[in-house]
Amino acid sequence: MKSFFKIFLASFLALVVLCVIIFFILMGVIGGLTAEEKERTGGQAVLVVDLSRNYPEIGVENPLARFTGKDGENMPSLYDVVRMIKYAKTDTAVKGIYIKCASNANSGGSSQEIRNAIIDFKRSGKFVYAYGDVISQSGYSVGNIADKIYCNPKGGVDWRGYAIQLAFVKGLLQKLEIEPQIFYAGKFKSATEPFRETQMTDANRLQLSVLIGDMYGRLLQQTAEARKLDTATLHQYANEYRIQYAADAVKYGLIDGLKYDDEVREEIAKKLGGVKLDKLNFIGLPKYAKAIDFRRDGKDKIAVIFAQGDIVDGKGDRDMIGSVTYRDLIRRARLDKNIKAIVIRINSGGGSALASENIWRELTLTRKDKPVVVSFGDVAASGAYYLSCNADSIFAQTNTITGSIGVFTLLPNMQKFFNNKLGITFDGVKTASQADMINATKPLTPAQRIFLQSSVDSVYMTFKGRVADGRKKDINYIDSIGQGRVWSGSRALELGLVDRLGGLEDAIACAARMAKTSDYRLREYPEPHNVLEMIFGGYEKDATQSAMQKELGEDGMKTYQTIKRVKQMVGVTQARMPFEMTFE
């Protein structure tokens, strides 16, 4: 028996040692595979800004992309894009920018940041060209800043104005015998309208008309400035649908000519001094990011915390703003004596009211120790505005969607659906009269309805109080501009909901001034995943999302995400923007 145990222990020890050796060998192999060789910009480079790619607040990087052939999975963040364009302005290797502007996967605030960066780039005297086979309005909103903008002779330019269409499912729920039990505070808080109405309420129609008017007015103004036209004429073109064919866009001055892609490239080649077409050095943003060091260096530190997605209780994931995760990130930056100021970059339509309160609390504590500046992206509304309202300074773009100071909760009564449609009944026991209140299989009692409405009203009162204190306004004034109403960034400035118009770069500069430092570097959060987390941790999620995307398509995926978001609303008090919008 002794001999057996000796052999067993020796074998077990050898197995452990072997596993350790294999682990380190594997790490070495992975490290070798993922060790990135420094890319080269090359001479006579033209930086390609592809607007069809969505540039998220938090960049995406797959360390094995170049080995799997999925280079498209590497996506620089929006702020990286802005910094790269700024760097290219003084990079002697880069002679110009080529904008792919057929479509634009980036929303209003993000597009504005990219556009402003390119405007600044043009001050260097370097050229900017833009091209698309068929140019969308959102693509044109950025591409129109180019020195020359062309489209395919058989393509066209979309110039019809903006429209918003919402879907209402009240009739469907009635057919299914599902009763949406809804409680809300704020007459503009229309997140629940699709469940309780068959068309827009007058309040919602008003807020959307004003909002879309602001966005459209901005498009007209920017186009007028870029193309040397006037806004009234541009509106007439859209109202009378003058731009129907590609030639119309040239005739009315929206673009400079009709060319095929190869002809545009030939013109750029001549601009570069007669470079051969096959030697034309177009460099994409992911490659350029690996060829240069565009991040600043300095003695002091400023923390930049990127927050995107729905606000949820708990940790959430990388595409959500988990209250625990972000509370801990802010706390770590607060307690780090080397960090002199904190900038929160937020892009979110809101979510859990309690999660927003917990993050607000941590930011309020942080303000006592160091400056806190907030930068709004495409949208920072409802819960996102809640957690931000007490910052020292808030920046927004003119097209940022913000406000939506209001609260709601939703609890469906599916008893008749289960009973009459599916033949399912429910029964059970409980230890207290209200133990089963949050239950979709039976209707709420009058007392329970009063309780839930009271709870929503209480959260709304707290929300208004937070905003009133943070913005140093009377609570009655906040109520008058609140009520769940959304505003454009330019109107939010007029109303006192934000302090300045500008992007993330402006917010960081403000934080540096408040911290009395000009010699600083940025510490960015959340920190990138390590190699093992990126390979193993993200594999299952990426595989699932890829499969669903392939099966459902883009529109189907949006529908799935909407259903998922509605599920998150059930039984949870929400400070969430009333709808999602895209302007195309």
Suppose we filter 398, 431 for residues that are surrounded by fewer than 17 Cβ atoms within 10 Å (Cβ to Cβ) and not basic (Lys, Arg); which single one remains? 431
Being of a type in the set (S, T, N, Q), assigned to a loop (DSSP other than H, G, I, E, B), closer than 21 Å to residue 407 by Cα and modelled with pLDDT under 95, is that true of even one residue in segment 207-221? no
Quick one: which strands (runs of 3 or more DSSP E) sit completely within segment 91-188 and have at least 2 residues that are crowded, with 21+ Cβ neighbours inside 10 Å, not aliphatic (A, V, I, L, M) and not assigned by TED's automatic domain parsing to the domain that holds residue 50? 179-185
Suppose we keep only residues that are polar (S, T, N, Q) and within 19 Å of the chain's Cα centre (by Cα) within segment 303-360. Which one would you say is nearest to residue 470 (Cα to Cα)? 356
Given (1) buried (at least 16 other Cβ atoms within 10 Å of the Cβ); (2) among the charged types (D, E, K, R); (3) not in a helix (DSSP H, G or I), residue 193 misses just (3)
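Given the structure, is residue 252 in contact with a Ser or Thr (Cβ under 9 Å, 6 or more places away or on another chain) and modelled with pLDDT of 95 or more? Spell out how you get there, then give the answer.
Details: in contact with a Ser or Thr (Cβ under 9 Å, 6 or more places away or on another chain): yes; modelled with pLDDT of 95 or more: yes.
Spelling it out, residue 252 is indeed in contact with a Ser or Thr (Cβ under 9 Å, 6 or more places away or on another chain) and modelled with pLDDT of 95 or more.
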Inside segment 30-63, the number of residues satisfying the requirement of being over 28 Å from residue 310 (Cα atoms) and modelled with pLDDT under 80 is 13
Screening 128, 157 for residues that are touching a Leu at 6+ places or on another chain (Cβ under 8 Å) and more than 22 Å from residue 402 (Cβ to Cβ) leaves only 157
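For (1) closer than 25 Å to residue 109 by Cα; (2) in a loop (DSSP other than H, G, I, E, B), each residue gets a yes or a no:
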position	(1), (2)
267	no, no
288	yes, no
295	yes, yes
303	yes, no
315	no, yes
319	yes, yes
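In the list 232, 247, which residue meets the criterion of being in the same structural domain as residue 112 (by TED's automatic domain parsing), over 22 Å from residue 109 (Cα atoms) and part of a helix (DSSP H, G or I)? Lay out the reasoning, then the answer.
Details: 232 fails: in the same structural domain as residue 112 (by TED's automatic domain parsing).
Going through 232, 247 in turn, the sole match is 247.
Could you please let me know if residue 66 is at negative phi, surrounded by 10 or more Cβ atoms within 10 Å (Cβ to Cβ) and either at pLDDT 55 or above or touching a helix residue (DSSP H, G or I) at 6+ places or on another chain (Cβ under 6 Å) (or both)?
Numbers: at negative phi: yes; surrounded by 10 or more Cβ atoms within 10 Å (Cβ to Cβ): yes; either at pLDDT 55 or above or touching a helix residue (DSSP H, G or I) at 6+ places or on another chain (Cβ under 6 Å) (or both): no.
Criteria not met by residue 66.
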In segment 201-213, residues that are buried (at least 18 other Cβ atoms within 10 Å of the Cβ) and either touching a strand residue (DSSP E or B) at 6+ places or on another chain (Cβ under 7 Å) or aliphatic (A, V, I, L, M) (or both) total 3
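The values are calculated or read from the model by the stated rules, or taken from the named source; none is laboratory data. Remember, predicted model here, so these are calculated numbers, not experimental data. Please note: Cβ atoms are built from the backbone with ideal geometry, for glycine as well, and neighbour counts cover all protein chains shown.
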